[in-house]
Amino acid sequence: MIHLVALDADDTLWHNEPLYTSTREQFRALIERYEPAGDLDDRLYAIELRNLQHFGYGVKGFVLSMIETAIELTNGRIGSADVNRIIEWGRGMLASPVELLVGVQDAVEDLARSFPLILVTKGDLLHQETKLARSGLGHLFKGIEIVSEKDARVYRTVMARYGVEPERFVMVGNSLRSDVLPAIEAGAHAVYVPYAISWVHERVPDGALPDPCHYHQLAHIRDLPALLQRLGAPARSGV
């Protein structure tokens, strides 16, 4: 029996990665005005990865990493106007409308009628809270967990906070690295709903796919209510 369902946010409920993809393309064009971009993608990713421990996930850390990459790749020649342009891209990303994935509204409303829901997402606290408020889905969640990282320890902490045993907890998201593998390591069920594009950091080798006993994959979140009903009906009084 499933007692609690946790949903990821970015690229599970609403579109997110296309904003980063579009901004990276603008960044490439900017750097190419100074010199050929060359290994820009690898350099930017390496700096983003290095900065995660300092700035965390989200737009703000991404913007700071772009500025740092630009300074390194241009040997400090990047102009202040272009640095300001990068900052403005970040402001635009933060203010972008929240666009729900097709079918998400109906699927989450359907789920909320049968299962207690919580949101478990990485990223900047203020930005994620703002996106949830603008999404129109906030009232459907019993709890909101905005975390700096998603690993087995964090999932165990979340389950303990809500008094739910791992076998009765389901994590749903578009990232094998963040939403699936650590949730299963913590003893929970995990449902993988792939998104069309993903940040390289969220990808895992094919051999890392987990034991199918707790792993489930769906083509679309619309199929989630039916899957969860097959896994077991909820016991609402426990949460």
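Structural remarks
- In the chain, the DSSP-assigned H stretches of four residues or longer account for a calculated mean residue ellipticity at 222 nm of -14000 deg cm²/dmol, using -39500 (n - 2.57) per stretch and the full residue count as denominator.
- Reported to the nearest whole Å, the Cα centre-to-centre distance from segment 64-124 to segment 145-166 is 23.
- Beta bridges from DSSP with both residues in the chain: antiparallel share about 5 percent, rounded to the nearest 5.
- Rg [Å, one decimal], Dmax [Å, integer] - segment 1-57, C-alpha atoms: 16.5, 59
- For segment 1-116, the calculated P(r) over all alpha carbon pairs, in 10 Å bins from 0 to the bin holding the longest distance, is 12, 36, 25, 15, 8, 2, 0 percent.
- Remark: the chain carries 47 Å² of accessible area per residue (probe radius 1.4 Å; ligands, DNA and RNA excluded).
- Total formal charge among the other residues, if their Cβ is under 11 angstrom from that of Leu40, Lys/Arg +1 and Asp/Glu -1: -4
- Taking 14 Å as the cut-off, the amide N atoms of segment 25-69 that come nearer than this to a point 7 Å along the Cα-to-beta-carbon line of Asn75 belong to 34-36.
- For the chain, the longest principal axis of the C-alpha atoms and the axis of helix 17-32 are separated by about 10°.
- With K and R counted +1 and D and E -1, the other residues having a Cβ less than 14 Å from that of Arg222 yield a net charge of -4.
- Compared with the dominant principal axis of the Cα atoms in the chain, helix 59-73 is inclined by about 30°.
- For segment 59-155, carbon and sulfur atoms together expose 55% of the accessible surface, with a 1.4 angstrom probe and every protein chain in place.
- Summing Cβ point charges (Lys, Arg +1; Asp, Glu -1) relative to the Cα centre of segment 67-152 gives a dipole of roughly 160 debye.
- Trypsin sites (Lys or Arg not before Pro) lying in DSSP loop within segment 4-95, provided at most 15 other Cβ fall within 10 Å: Arg33, Arg77
- Once the Cα-Cα distance is subtracted from the 0.36 nm per residue extended length, the Glu149 to Glu68 segment shows a gain of 26.9 nm.
- Cα shape, segment 137-193, gyration tensor, a/c 1.5 rule: rounded
- Calculated Cα Rg over 2.2 N^0.38 Å (choose from (1) 1.43; (2) 0.99; (3) 1.09), label: (3)
- Global form of segment 52-163, assessed from the alpha-carbon gyration tensor, a/c cut-off 1.5: oblate
- Between helix 104-114 and the chain: long-axis angle, C-alpha atoms, 0 to 90°, nearest 10: 30
- Cβ charges +1 (Lys, Arg) and -1 (Asp, Glu), total dipole of the chain, debye: 600
The values are calculated or read from the model by the stated rules, or taken from the named source; none is laboratory data. Keep in mind that what you see is a predicted model, and the values were worked out from it rather than measured. Ideal geometry is used to build each Cβ from the backbone, glycine not excepted, and the neighbour counts take in all protein chains shown. In case anyone asks, the SASA skips ligands and DNA or RNA and just uses the protein heavy atoms, side chains included. Shrake-Rupley method; radii C 1.70, N 1.55, O 1.52, S 1.80 Å.
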